[in-house]
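Take a look at the structure below.
The values are calculated or read from the model by the stated rules, or taken from the named source; none is laboratory data. Keep in mind that this is a model prediction, so the values were computed, not measured. Virtual Cβ from ideal backbone geometry, glycine too; neighbours counted across all protein chains shown.
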Amino acid sequence: MPGISDDAVDIAVIGAGVAGIATAYYLCLEQGKTSVVLIDPRQPMSYTSAQSGDNYRNWWPHPVMTAFTNDSIDELDRLARDSNDVFNMTRGGYVLASRKEPEREDQASGSAIARDYPWLSDEIRSVTHIRRGGDISAQQLGMYMLEKIRERGGRLLRGAVTSIGAGRRFQLEIDTGITVEAEQLVNAAGPFANHIAGMLGETIPVTNLFQQKVAFEDRLGAIRRDMPFSIDLDAKTLSWTDEERELLADDPDLAWLTETMPGGTHCRPDGGPKGKWVKLGWAYNEQTSEPREDLANEPLADPQFPEIVMRGAAAFIPALRPYIDEPPPRYSHYGGYYTMTEENWPLIGPMATDGAFMVAALSGFGSMSACAAGKLCAAGMTANRLPDYATALSTARYDDEVLMQELRNATSRGIL
């Protein structure tokens, strides 16, 4: 895309991750806007978007989020058809496993688990199989949408926004020494959303949690290539030997590894039916941090995470146990930020400053929800009809005490 010298555009989208690209896509493709610029100091779909788990599901503990992600999956289905499935959308589903006895009729139990989900530990007593779920290549999705943006006249500007002047038009100062004027702007800056909000004299109620993942070559063939994305819902203590547990307990920095850890350990095959890699994740970090320019320098990145997540995954998928004593020789350890509100719902819609909008707090569900989020923001910016959940996903929800009390009392925030 051509660069921009001091110039005027209709809309500036700050952030070229999956949320920003999706917003620009729907502005250009559905709302007929051609004077749109994406601004980011990094390559598109880098930083946190590059750390995506690439999963999607329509399971949520609240109907608002279910409707929102269903709409997004509808868009993913459409884009897969239109693009000849350039982003490799699968529909393997999600398997939610627990050692608790079934509470609902839709949960498999007993002999059905051994028959239908043989990879799970015999300790598992109930399984919920979410059928509308699977995985995509978020990178390819982002690149496909970016190509369509380019075809409609949208542009990309490499550079960091250093200040924003608000008046009749926004004046965005870029660190390359140029100024971009815009009638409207979108804050889609991911973990830096509050930094951009601060340039407008605002704050938004989000925090950043650094979460890690591991991908490894499954040389033992422990994970079936057709295994759905499988998640252990139960809290657990890790399987240390007595000697290991004693050593850990004596170290103030490591004693937490002997305590009960939250549920959410997850595993899935990566690379399709003929692939050999597996992804593991566990979003157990609860300590907030400010985003670093270089993710590799995040102080909460734990060099012990590969062993921790392997032990957690082996607790419900026994075939992984050999990797505890002999770790995979080839693996990738990486991480990114969950930028989230306390209730783990996104913030999509107008900011306090006239003409400013945001697509923020997509937490660990950015890839699966970006289409609906971008479509919703684009419709709101152009005064088009909005879905019923639009108000609930904007800052207006904080004025709805009934809804907020419901969310505060919820037993689950849908973090997987």
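Worth pointing out:
- Failed condition for Thr241, given (1) more than 30 Å from the chain's Cα centre (by Cα); (2) modelled with pLDDT of 95 or more; (3) exposed (fewer than 15 other Cβ atoms within 10 Å of the Cβ): (2)
- Set Gly221, Gly275, Gly201, Gly263: member being more than 22 Å from Trp119 (Cβ to Cβ) and either more than 23 Å from the chain's Cα centre (by Cα) or part of a loop (DSSP other than H, G, I, E, B) (or both): Gly201
- Boolean, Ala97 is in contact with an Asp or Glu (Cβ under 6 Å, 6 or more places away or on another chain) and buried (at least 19 other Cβ atoms within 10 Å of the Cβ): yes
- Any chance Glu202 is of a type in the set (Asp, Glu) and touching a residue at least 24 places away in the same chain (Cβ under 8 Å): yes
- Residue within the range 298-315 that is acidic (Asp, Glu), more than 22 Å from Val186 (Cβ to Cβ) and touching a Phe, Trp or Tyr at 6+ places or on another chain (Cβ under 9 Å) present: yes
- In the range 1-67, counting only strands (runs of 3 or more DSSP E) that sit wholly within it, the ones holding 2 or more residues that are more than 29 Å from Gly133 (Cβ to Cβ) and of a type in the set (D, E, K, R) span 7-14.
- Residues that are of a type in the set (Ser, Thr, Tyr) and farther than 17 Å from Val206 by Cβ were ranked within the range 391-412; the one that is surrounded by the fewest Cβ atoms within 10 Å (Cβ to Cβ) is Thr411.
- Filter result for the condition that a residue is in contact with a Ser or Thr (Cβ under 6 Å, 6 or more places away or on another chain) and either in a loop (DSSP other than H, G, I, E, B) or hydrophobic (A, V, I, L, M, F, W, C) (or both), over Ala301, Ala313: Ala313
- Long-range neighbours under 6 Å by Cβ, at least six apart or interchain, first residue in the same structural domain as Glu123 (by TED's automatic domain parsing) within the range 235-256, second part of a loop (DSSP other than H, G, I, E, B) and surrounded by 13 or more Cβ atoms within 10 Å (Cβ to Cβ): Ala235/Pro262; Ala235/Gly263; Lys236/Ala315
- Test: residue in the range 148-160 that is touching a helix residue (DSSP H, G or I) at 6+ places or on another chain (Cβ under 9 Å), of a type outside the set (Ser, Thr, Tyr) and without any contact (Cβ under 8 Å) to a residue 12 or more places away in the chain: yes
- Applying the condition of being out of contact with any strand residue (DSSP E or B) (no Cβ under 9 Å at 6 or more places or on another chain) and at pLDDT 95 or above to the range 258-273 and asking which residue is surrounded by the fewest Cβ atoms within 10 Å (Cβ to Cβ) yields Glu259.
- Selected residue (criterion: farthest from Ser83 (Cα to Cα)) from residues of the range 165-197 that are in a loop (DSSP other than H, G, I, E, B) and of a type in the set (A, V, I, L, M): Ala166
- Within the range 149-199, being of a type in the set (Val, Ile, Thr) and closer than 17 Å to Ile348 by Cα holds for Val186, Ile196.
- When Val13, Val18 are screened for being modelled with pLDDT of 90 or more, among the aliphatic types (A, V, I, L, M), under 28 Å from Ala383 (Cα atoms) and in contact with a strand residue (DSSP E or B) (Cβ under 6 Å, 6 or more places away or on another chain), only Val13 passes.
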